[in-house]
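Heads up, the thing below is written out as structure tokens.
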Amino acid sequence: MMHAIRHPYFTLAILLVLAMFAPLVAQEEEQADEKPIPVEMTKPLFEREPYDLVTVVSSKDGKPLRIKPIHEPEFRGGASERSGQITVELVDMPGRKFQIAWRGVVLYQPFPKLLIDEAKKNLSEKDFDLAFRYLQRLNAEYSNYPGVDRLLEELLVQNALERFQAGALDEALGMLEEAKRKFPNKSGIDKSIESVGLRLVQKEIDDRQWQSARMLIERFEKVYGDKFADSIRQWRDDLARRSQQQMDRAKQQIAKQDYRAALEATNLALAIDPTIPSGKERLAELVRLYPQVRIATLAAGEALPPHGTLTWSGRRNKRLIYRDLTEIVGYGPEGGEYASPFGTVVRPVDRFELSIVLRDRLTPVTGFDLSRQFQDPASQQDEILAGLTPLIEKMAVREIRQVDLTLRLPHVRPEALLGLVPRKGDVSQFPIPPNGPYRPLKMKEEGQSYVPEKESTLAASRPPSEIQLLPYPTTADAMLALQAGEVHMVDRLDPATAARLTVESPEDLVVDHYRAPTLHVLVPNLNNPYLKNRDFRRGLLYGINRQEILQSRLLGGKELDGCRLVSAPIPSGVSPDDPVSYGYDLSIAPRSYEPQMSIALQKLAEIKLREDAEAANQALIPLSKLVIGHPDSEVSRQTCLAIVQYFKRLGLPCELKTVSPEVTDPAAVEVDLLYVEVQIAEPLVDVPRMFDRYIPNVHQTQYFQLALRQLGQSQNWQEVRERFWSLHRLAHDDLLIVPLFQLQDHFVYRRSLGGVGYQPMTLFQQVERWDLAPAWDVAKN
């Protein structure tokens, strides 16, 4: 029953008459069905502005009225005896206030009661997520309202039961423990926790998640003490028995001198129960007998990459299975610095002559073998050798193990041309037979394993008897494995983690970066008429917000030296004076993100393609979608997912396909764009090799081929820089390879692993000097 507040007030009887017969009210009721639903009422109840519901005797069809919340405690709290009148304001008639006599109220529902009723409805329908949203609102604004605690109790218990039935035991346990914390006197809660705990620990044991099982047991013992005493004793006895079985197995394998199997069993024994007697001592002994290095990799690559590989993962693995006549080990004032694992390379000042001196204690290959390899036509299948032999004017063998070369033109860095495998005997065998210190060994589980070649001579007193590359999907997963002692090293960190660890590195870890940067590029399938069109390729590049991908998605808003956009597939180094940046022209800025320009260039390319098709009396096949092939690495996955989103905004449907990182021809794997992670160590040699490897000559313009040839004929560093800058301009304009960005990759390892070296070119640059200290680590699960 309502009274409009006036001076003087109307009597209750007059107000009822007005409320029932006032023309305005009647007109509003007649048009109620025609009025649009207020936007506020389309929201879920827990998102609406608070209001109460009141049903009065005079309301039509018993419909409740929405009123602004009433704040008088005796009215909201549900007093047993209510009397008098209360002032209210209709939500649908803001500013109009009325008085309601308690005798005329049929039903009153305050807003928290509405929230509770709706939450209970969601609970009965097993919609726990929605019920939790209502409970959040209640806890935030009406935590003292009667029934809120009871609702939380029901939600936790019912949700725990549902998660238990669904097999999510850890979630069920968490909810039950929260219920016990909130409602310690609830009957039966301890028994429910013990029942779920028993199953959860047993599940972790059955799943061989030993560390997780131990942590649960320790937590139950700390929190519940004697209540779980019998169960805790049973669990510990079970783990001790399983651990002792593995120790016995390790002892048997040691007797057979199968130290690899013994190490595996000991690791497992300590993972199950780190307190097993003599466990640490036996592990230390086995590390001395069989030092096994486990590496978490974010880009596994091919176990046997081709010798001429330029990819990041390929160059890493190549160092284990191949040794080149000369290998780049760092940078000096003028390009790369080189060393030979087989002897010495002497370069006179005039740069026309080159002497290769082989050491008999390092290789059985003689000067005559090397001379025959240089001259045999069959060996020209080697792309490295094919680039060297045309430059040789004459050759002479002296004292069996020395080869003197005279070049047709002086070369600024002739050692860079000798990155070939010295071979003895048949030089026509391809692929090139491995000659490195390790060979691949097939693993039972996922990953790659390398063991020493029997004939190789390793320099360290305790070199790794086995190197395992264990794939992890993300850096976060790999870092957890490193911290848990499951691995000794993470071979490549995502840029955001690298930026963080370079600032705050734990004392037991070493964070370092590779000396050579990595270029991330897209190789177009030039057999596709759209991608063959230069304007279309430019349009694609304009349509990718590379800065956003690099800065936000990869770096996480942080800064990391050496990570930047590039305007061509040429390394820019960490700083302008970095020796590796001698081929990069800083005056050419990377293309910015311009989606309008991207669309315009795509339309322009389509017009040109349609004209060419009509001139040839052919129909232009529309581009239905773009397929991007990428290696199975963390950075490439993140980048390609972002590129797909940008292409879709341009109206270009796109899909991803995982391919081998060693693919060089996009058409061979049926993709339109091939994502490649290229490591350019010596730009003077590697950049021309990159274009020869990924872009067939038929797709290179005459000017581009001329620029590559002239670069190789440079006789001094001034010519190198000038010709590189000309090539840079052509590469930027033609976009035969689409540049994305450059990354300075970092890695992290534990201090127990020595001999890794400072800023190596590749991970295994000094693998013969690696030394794993026999310190006990938490064994892997």
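A few comments on the model shown:
- Residues in segment 537-550 that are surrounded by 21 or more Cβ atoms within 10 Å (Cβ to Cβ), under 23 Å from the mean Cα position of the chain (by Cα) and either modelled with pLDDT under 95 or more than 14 Å from F647 (Cβ to Cβ) (or both): L550 only.
- Check on R553, surrounded by 16 or more Cβ atoms within 10 Å (Cβ to Cβ), touching a residue at least 12 places away in the same chain (Cβ under 8 Å), over 24 Å from the mean Cα position of the chain (by Cα) and in a helix (DSSP H, G or I): no
- Residue count, segment 667-680 (criterion: under 30 Å from L763 (Cα atoms) and either among the acidic types (D, E) or touching a Phe, Trp or Tyr at 6+ places or on another chain (Cβ under 9 Å) (or both)): 5
- Residues that are crowded, with 20+ Cβ neighbours inside 10 Å and either farther than 23 Å from T762 by Cβ or touching a Phe, Trp or Tyr at 6+ places or on another chain (Cβ under 9 Å) (or both) occur at least once in segment 328-339.
- Test: Q253 is of a type in the set (S, T, N, Q), without any contact (Cβ under 8 Å) to a residue 40 or more places away in the chain and assigned to a helix (DSSP H, G or I): yes
- The single condition among (1) crowded, with 22+ Cβ neighbours inside 10 Å; (2) touching a strand residue (DSSP E or B) at 6+ places or on another chain (Cβ under 6 Å) that Y514 does not satisfy is (2).
- Pairs, first within 22 Å of P666 (Cβ to Cβ) in segment 713-737, second part of a loop (DSSP other than H, G, I, E, B), C-beta under 6 Å, six or more apart: A731/A568; H732/S567; H732/A568; H732/I588; L736/I695; I737/P569
- Residue in segment 617-629 that is surrounded by fewer than 15 Cβ atoms within 10 Å (Cβ to Cβ), in contact (Cβ under 8 Å) with a residue 12 or more places away in the chain and among the basic types (K, R) present: yes
- Of the criteria (1) under 30 Å from L652 (Cβ atoms); (2) surrounded by fewer than 18 Cβ atoms within 10 Å (Cβ to Cβ), which one C563 fails: (2)
- Among the residues of segment 110-152, those that are in a helix (DSSP H, G or I), surrounded by 16 or more Cβ atoms within 10 Å (Cβ to Cβ) and either at positive phi or among the charged types (D, E, K, R) (or both) comprise K113, E118, K120, R133, R137.
- Residue in segment 605-614 that is assigned to a loop (DSSP other than H, G, I, E, B), in contact with a Phe, Trp or Tyr (Cβ under 9 Å, 6 or more places away or on another chain) and crowded, with 18+ Cβ neighbours inside 10 Å present: no
- At least 3 residues being more than 43 Å from the chain's Cα centre (by Cα) and not assigned by TED's automatic domain parsing to the domain that holds V451 is the threshold, and among the strands (runs of 3 or more DSSP E) wholly inside segment 321-430 those reaching it are 353-358, 392-398, 402-407.
- Unique match (being under 30 Å from E177 (Cβ atoms), assigned to a helix (DSSP H, G or I), touching a residue at least 12 places away in the same chain (Cβ under 8 Å) and among the aliphatic types (A, V, I, L, M)) among L283, L216, L268, L263: L216
- Matching option when the condition is within 24 Å of L65 (Cα to Cα) and under 38 Å from the mean Cα position of the chain (by Cα), among R133, R137: R137
- Which listed residue, of L740, L736, is assigned to a strand (DSSP E or B), under 15 Å from V521 (Cβ atoms) and at pLDDT 95 or above: L740
- Selected residue (criterion: surrounded by the fewest Cβ atoms within 10 Å (Cβ to Cβ)) from residues of segment 270-287 that are charged (D, E, K, R) and either under 17 Å from G485 (Cα atoms) or not assigned by TED's automatic domain parsing to the domain that holds D258 (or both): E281
- Qualifying residue in segment 479-487 (condition: more than 23 Å from E302 (Cα to Cα) and modelled with pLDDT under 85): yes
- Considering A396, A386, A378, the condition of being without any contact (Cβ under 8 Å) to a residue 12 or more places away in the chain, of a type in the set (A, V, I, L, M, F, W, C) and out of contact with any strand residue (DSSP E or B) (no Cβ under 9 Å at 6 or more places or on another chain) is satisfied by A386 alone.
- Tallying residues that are within 22 Å of R693 (Cβ to Cβ) and either of a type in the set (V, I, T) or touching a Cys at 6+ places or on another chain (Cβ under 7 Å) (or both) within segment 502-555 yields 3.
- Scoring M215 on the criteria (1) under 24 Å from Q234 (Cβ atoms); (2) surrounded by 15 or more Cβ atoms within 10 Å (Cβ to Cβ) leaves a single failure, condition (2).
- Failed item, numbered, when K454 is tested on (1) charged (D, E, K, R); (2) without any contact (Cβ under 8 Å) to a residue 12 or more places away in the chain; (3) surrounded by 15 or more Cβ atoms within 10 Å (Cβ to Cβ): (3)
- The lone exception for D771 - which of (1) more than 30 Å from S243 (Cβ to Cβ); (2) touching a residue at least 40 places away in the same chain (Cβ under 8 Å); (3) surrounded by fewer than 18 Cβ atoms within 10 Å (Cβ to Cβ) it fails: (1)
- Selection of segment 452-469 for residues being modelled with pLDDT under 95 and touching an Asp or Glu at 6+ places or on another chain (Cβ under 8 Å) yields L458, A459, A460, S461, R462, P463.
- Residue match in segment 187-205 (condition: out of contact with any Gly (no Cβ under 9 Å at 6 or more places or on another chain) and not in a helix (DSSP H, G or I)): yes
- When S633, S581, S598, S624 are checked against the criterion of being within 30 Å of E722 (Cα to Cα) and of a type in the set (G, A, S), S581 stands alone in meeting it.
- Selection of segment 610-631 for residues being closer than 26 Å to N545 by Cβ and either at pLDDT 95 or above or aliphatic (A, V, I, L, M) (or both) yields L623, L626, V627, I628, G629, H630, P631.
- Condition broken by R751, with the remaining ones in (1) at pLDDT 95 or above; (2) surrounded by fewer than 21 Cβ atoms within 10 Å (Cβ to Cβ); (3) not aliphatic (A, V, I, L, M) satisfied: (1)
- Residue match in segment 674-686 (condition: assigned by TED's automatic domain parsing to the domain that holds G583, in contact (Cβ under 8 Å) with a residue 40 or more places away in the chain and small (G, A, S)): yes
The values are calculated or read from the model by the stated rules, or taken from the named source; none is laboratory data. Just so it is clear, the structure is predicted and the values come from calculations on it, not from any experiment. For neighbour counting, all protein chains shown are included, and Cβ atoms are generated from backbone atoms with ideal geometry for every residue, glycine included.
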